[in-house]
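The values are calculated or read from the model by the stated rules, or taken from the named source; none is laboratory data. From a predicted model like this one, the values you see are computed outputs, not experimental measurements. For neighbour counting, all protein chains shown are included, and Cβ atoms are generated from backbone atoms with ideal geometry for every residue, glycine included.
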Amino acid sequence: MLIDSHAHLDMQDFNHDRNQVIERAIKGGLSRIITVGINMASSIAALKLTREYDSVFAAVGYHPHNASECNRQALNKLTETASDPKVVAWGEIGLDFYRNRSLRDVQMNVFLQQLEIAGELGLPVIIHDRDAHNEILSILKKIGKGDRKGVIHCFSGDTNMAMTLIELGYYISISGVVTFKKASLIKEVASNIPLERLLVETDSPYLAPAPKRGKRNEPLFVTYTAKEISRLRGIEPDELAVALSANTERLFDLPAVS
Ligand code: NI
């Protein structure tokens with residue numbers, strides 16, 4: 001049983017078959033899916049999906065691409081939703097200095113505000129880091145160490161960076177990129193970091209793993225990512241799945257599967 005620690009089930013790519021996608025994942029052996037908000041509408045849609053499926057949990061927050069839409073009132077409203085037991089994290093938040101869809105200062109400000117809220121709520125954060133490794137590291141170092149601080153999703157740094165984050169109390173989530181032949185850096189990270197800090201995710205509908213590369217991604221495809229990690233680490237897929245699920249349950253404080 002695997003958990004997809006990061007999907008965007010509310011996205012319009014799933015409008016014509018969302019229910020089948022979720023049912024396919026559950027029948028295919030996923031025990032839970034965490035669907036992650038990127039702004040107000042998406043966070044509310046994520047929460048709504050948790051009402052329809054016991055296996056679906058939500059994260060709420062403003063993605064760096066959407067930082068310019070964010071304001072105090074919106075954050076207050078999201079803070080209210082976060083008291084719902086099915087909201088298990090604050091995210092997706094972070095910095096994206098590759099696409100720069102919001103101004104860097106705005107991204108930074110919105111990121112810092114959300115880190116503060118999550119800290120007050122005691123919720124782990126889901127962090128997006130694209131071409132902003134130094135900024136993310138320096139901010140998280142300033143905040144300091146803790147247990148279940150959060151996860152760096154679609155991790156794209158090196159092993160050193162991963163180890164620094166792990167020491168601070170973060171988990172490292174590996175996406176389908178690890179299945180790509182030339183992705184040597186992330187293969188190295190997935191092989192070397194402590195097993196107890198590793199998560200897997202799809203980031204669906206984006207980033208489909210091989211052999212589905214280029215197609216729409218969906219939560220069930222996390223199985224390809226886990227299979228590649230079990231090959232890289234030389235451990236049985238079942239053993240890996242047990243560890244990954246335990247990590248995800250610990251980080252997000254997920255209730256036991258009934
Ligand atoms: Ni995402």
Open item on the list: Of all residues being more than 18 Å from the chain's Cα centre (by Cα) and not in a helix (DSSP H, G or I) in the stretch 63-80, which is surrounded by the most Cβ atoms within 10 Å (Cβ to Cβ)? Just the residue, please.
Closed with: Cys70
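This table checks each residue for (1) closer than 17 Å to Glu249 by Cα; (2) more than 14 Å from the ligand (Cβ to nearest atom); (3) not in a strand (DSSP E or B).
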| position | (1), (2), (3) |
| --- | --- |
| Tyr171 | yes, yes, no |
| Val177 | no, no, yes |
| Ser191 | no, yes, yes |
| Ala210 | no, yes, yes |
| Arg216 | no, yes, yes |
| Leu220 | no, yes, yes |
Task: Boolean, Lys212 is modelled with pLDDT of 95 or more, of a type outside the set (Ser, Thr, Tyr) and under 25 Å from Gln12 (Cβ atoms) - done: yes
- [ ] Give me a count of the residues in the stretch 228-239 that are without any contact (Cβ under 8 Å) to a residue 40 or more places away in the chain and in a helix (DSSP H, G or I).
- [x] 5
Open item on the list: Let me spell it out: the conditions are (1) assigned to a helix (DSSP H, G or I); (2) more than 15 Å from the ligand (Cβ to nearest atom), and Ser83 meets all of them except one. Which number is the exception?
Closed with: (1)
Open item on the list: Which count do you get for residues in the stretch 125-169 that are more than 16 Å from the ligand (Cβ to nearest atom) and outside any helix (DSSP H, G or I)?
Closed with: 9
Open item on the list: Under 7 Å between Cβ atoms, which residue pairs at least 6 apart in sequence (or on different chains) link something in the stretch 12-39 that is part of a strand (DSSP E or B) with a partner that is among the polar types (S, T, N, Q)?
Closed with: Ser31/Ser55; Ser31/Ser245; Arg32/Ser55; Ile33/Ser55; Ile34/Ser5
